[in-house]
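J.: Dropping a structure here in structure tokens format, bear with me for questions.
The values are calculated or read from the model by the stated rules, or taken from the named source; none is laboratory data. Computed from a predicted model, the values in this text were never measured in an experiment. Here the Cβ positions follow ideal geometry from the backbone for every residue, glycine too, while neighbour counts run over all protein chains shown. Remember, those area values only see protein heavy atoms, side chains included, never the ligands or the DNA or RNA. Shrake-Rupley method; radii C 1.70, N 1.55, O 1.52, S 1.80 Å.
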Amino acid sequence: MRNFSRSLAALTLIAVALPLAGCAGASAKRTRADTQYVARDVNTLYNAAKTNLDRRNYTVAAALFDEVERQHPYSVWARRAQLMSAFSYYLAKDHQKSVDSARRFLTIHPGNKDAPYAHYLIALNYYEQIEDVTRDQSTTKLALDSLGELVRRYPNTRYASDARLKVDLVRDHLAGKEMEIGRFYQRRAQWLASIVRFRTVIEEYQTTTHAPEALMRLTESYLALGIPEEARKTAAVLGANYPTSKWYERAYSLVQRHGGAAAAPTAS
């Protein structure tokens with residue numbers, strides 16, 4: 001058991017040593033003392049974790065909070081340590097471990113008063129991994145699902161208030177991805193494919209900032225396919241909802257050039 005403990009300590013040290021390679025020898029000794037696995041009473045172990053957290057040694061703090069739970073699973077501190085571990089991993093930007101810790105807390109304590117915060121941590125971890133619209137958006141969808149679940153389960157909490165704001169931003173981001181793909185198809189004259197993407201924006205993300213452009217792009221695509229009636233209807237919807245938009249001005253000009261009738265844009 002002693003050999004195993006020493007091996008575990010060595011692995012923990014390797015995980016934290018690289019960022020600290022340039023530190024003085026005294027600092028390295030303190031780090032080894034902090035992370036070395038020994039059986040400790042719960043107060044000493046929790047306080048060591050909290051001290052490292054306060055000093056922004058987030059990875060070390062997370063490992064020590066994990067030790068609180070492992071060494072003292074039935075103490076009153078174990079439940080608190082689970083959440084603190086998830087929080088420390090989040091600050092260390094180790095998003096997967098943070099999500100895992102928060103989910104473990106929810107599995108063991110689903111009805112706990114801190115459950116909304118655990119859900120919030122999960123959502124934040126996904127939210128902060130959102131990629132540019134040119135990249136894959138699977139994590140963005142996980143963020144939207146997690147934020148939505150938080151709002152549905154705990155609508156009156158302060159976490160839900162922040163989640164609602166983030167939901168709007170995430171939906172706008174996903175709409176932006178659809179627009180990016182739709183424009184890609186337009187540049188290649190793949191009009192049917194572009195229509196599918198722009199209609200997705202109108203049907204699923206109609207309250208986002210991308211809706212006016214999506215309607216104008218739909219107008220373009222319908223005209224390119226030789227369906228002027230659909231183009232006029234789309235331009236009319238754009239004019240009714242965004243009469244002062246630059247996108248309606250463009251849609252109106254397009255319809256007029258193709259011999260269609262549409263209400264003139266309203267002056268800004």
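J.: Once the convex hull of the C-alpha atoms of the stretch 118-268 is built, how many Å³ does it hold per residue, rounded to a whole number?
T.: Taking the convex hull of the Cα positions in the stretch 118-268, it is 117 Å³ per residue.
J.: Please turn the phi angles of the stretch 208-218 into ³J(HN,Hα) values with the Karplus equation 6.51 cos²θ - 1.76 cosθ + 1.60 (θ = phi - 60°), one per residue in order, whole Hz, x for glycine and proline.
T.: For the stretch 208-218, the Karplus curve yields 8, 6, 8, 4, x, 5, 4, 5, 5, 5, 4 Hz.
J.: When all C-alpha to C-alpha distances in the stretch 110-161 are sorted into bins of 10 Å, what percent of pairs does each bin hold, rounded to whole numbers?
T.: Reading the bins upward from 0: 28, 48, 20, 4.
J.: Sticking with this one: Calculate I(q)/I(0) for the stretch 45-107 by the Debye formula, one identical point scatterer on each C-alpha and no solvent, and give its log10 at q = 0.15, 0.19, 0.25 Å⁻¹ to two decimals.
T.: Summing over Cα pairs of the stretch 45-107 leads to -0.35, -0.57, -0.96.
J.: Could you compute the net charge surrounding TYR89? Neighbours are other residues with a C-beta less than 11 Å from the C-beta of TYR89; K and R count +1, D and E count -1.
T.: Net charge in that neighbourhood comes out at -1.
J.: When Lys and Arg each count +1 and Asp and Glu each count -1, what net charge do the other residues less than 11 Å away from GLY176, Cβ to Cβ, add up to?
T.: -2
J.: Okay, moving on. Using packing as a proxy for protection, rank 60-67, 229-236 so that the peptide with the highest average count of other Cβ atoms within 10 Å comes first.
T.: 60-67, 229-236
J.: Taking the solvent-accessible surface of protein heavy atoms with a 1.4 Å probe, what is the per residue accessible area of the stretch 102-177 in Å²?
T.: Here the residues of the stretch 102-177 average 53 Å² of exposed surface.
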